[in-house]
Amino acid sequence: MSDIVSGIAKDENTKSKDATSRVLVLDVGNTNTVIGVYKGDELLGHWRLISERHTADELGVYLTNLLKTVNVHLNSFDGAILSSVVPSLDIPWRDGVRRYLGLECMTVSTDLDLGIEVLYGAPKEVGADRLVNAVAGVARYGSPLIIVDFGTAITLDYVGLGGKYMGGAIAPGLEVSMEALFGRTAKLPRIALDAPPPSVVGKNTVDSIKSGILFGYAGLVDALVERIWDELGEGAKVIGTGGHAHLIAMHSKYMKLVEPWLTLEGLKLIYERNAPGISAS
């Protein structure tokens, strides 16, 4: 710990020489944790870790070494913000950031000023990642808007006119579905979703599985989008984010826009709205 303290002291002048705010953003999901570093509007670096239980010191070591890869000093941050859907990982991450970066993590919830109105039936039940995506999506594209996030679960969220978060739909993610398929069948091989099959009618087992997953989930997204449009009587732009968004977008009729770092951008925007002395970009 003494090395960390001396490192912070050594870099004390770094922060004061640069008026542009640096923010650490953390999105803790059920499968992966995504970390980003912003300098103003520029995403300097981003990393993806497995969401496993670690001590604060282990997470601090991860952060220390990751930041070295983009030449960011430990004491150069103005703040940090955490979005999490895994409560058991919240304290280790907050403690790790406090010990190694000297920062208190802002935590995303409906208690913060999000810049959007949350009209969900029970606002505190909405996953923090869904709210963060909505904030970034509205800032980038306006509203009405449909955001599809491909993670452990697939969430499809609708933001109405005036930036009103209305709710959405949740379905099992691609990896979850494949794990269930492989776990309950004796002869089907495990595959990687690295490329689409040449046709919907698979000529072998691997291509048949790819067809069912990729074309099937593209159809799921399109069907939900159509139902939302029909139910609300208005169209809305559709954007995708998350690990498999680009693969599904290749086959979706409606989801053609993909923003891979939408969640990180939303975290930065929420931090700027709520941090004292920081004005939104």
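The values are calculated or read from the model by the stated rules, or taken from the named source; none is laboratory data. Worth saying up front: this structure is predicted, and the values here are computed from it rather than measured. Every residue, glycine among them, receives a Cβ derived from its backbone with ideal geometry; neighbour counts consider all protein chains shown.
Structure notes:
- Gly115 vs. criteria of a type outside the set (A, V, I, L, M, F, W, C), surrounded by fewer than 20 Cβ atoms within 10 Å (Cβ to Cβ), under 20 Å from the mean Cα position of the chain (by Cα) and at positive phi: yes
- Whichever residue in region 232-279 is under 14 Å from Arg140 (Cβ atoms) and among the basic types (Lys, Arg) and, among such residues, is surrounded by the fewest Cβ atoms within 10 Å (Cβ to Cβ): Lys237
- Criterion violated by Asp27 - all others in (1) modelled with pLDDT under 90; (2) crowded, with 20+ Cβ neighbours inside 10 Å satisfied: (1)
- For region 162-191, the set of residues classified as in a loop (DSSP other than H, G, I, E, B) and surrounded by fewer than 22 Cβ atoms within 10 Å (Cβ to Cβ) consists of Gly162, Gly163, Arg184, Thr185, Ala186, Lys187, Leu188, Pro189, Arg190, Ile191, listed by residue number.
- Considering only residues in region 242-271 that are assigned to a helix (DSSP H, G or I) and charged (D, E, K, R), the one that is nearest to Ile154 (Cα to Cα) turns out to be Glu265.
- Sole residue being in a helix (DSSP H, G or I) and either among the hydrophobic types (A, V, I, L, M, F, W, C) or surrounded by fewer than 17 Cβ atoms within 10 Å (Cβ to Cβ) (or both), chosen from Val159, Val200, Val225: Val225
- The residues of region 56-72 that are surrounded by fewer than 18 Cβ atoms within 10 Å (Cβ to Cβ) and either over 14 Å from Arg98 (Cα atoms) or free of Cβ contacts under 8 Å to residues at least 40 places away in the same chain (or both), listed by number, are Glu58, Val61, Tyr62, Asn65, Leu66, Lys68, Thr69, Val70, Asn71.
- The criterion of being surrounded by fewer than 18 Cβ atoms within 10 Å (Cβ to Cβ) and part of a helix (DSSP H, G or I) does not hold for Glu52.
Per-residue answers, yes or no, for (1) closer than 20 Å to Tyr217 by Cβ; (2) outside the structural domain of Asn32 (by TED's automatic domain parsing); (3) without any contact (Cβ under 8 Å) to a residue 24 or more places away in the chain:
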residue	(1), (2), (3)
Ala139	no, yes, no
Ser143	no, yes, no
Thr152	yes, yes, no
Gly162	no, yes, no
Ala171	yes, yes, no
Gly183	yes, yes, yes
Leu193	yes, yes, no
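- Test result for Tyr217, under 28 Å from Ile116 (Cβ atoms) and either part of a strand (DSSP E or B) or of a type in the set (Gly, Ala, Ser) (or both): no
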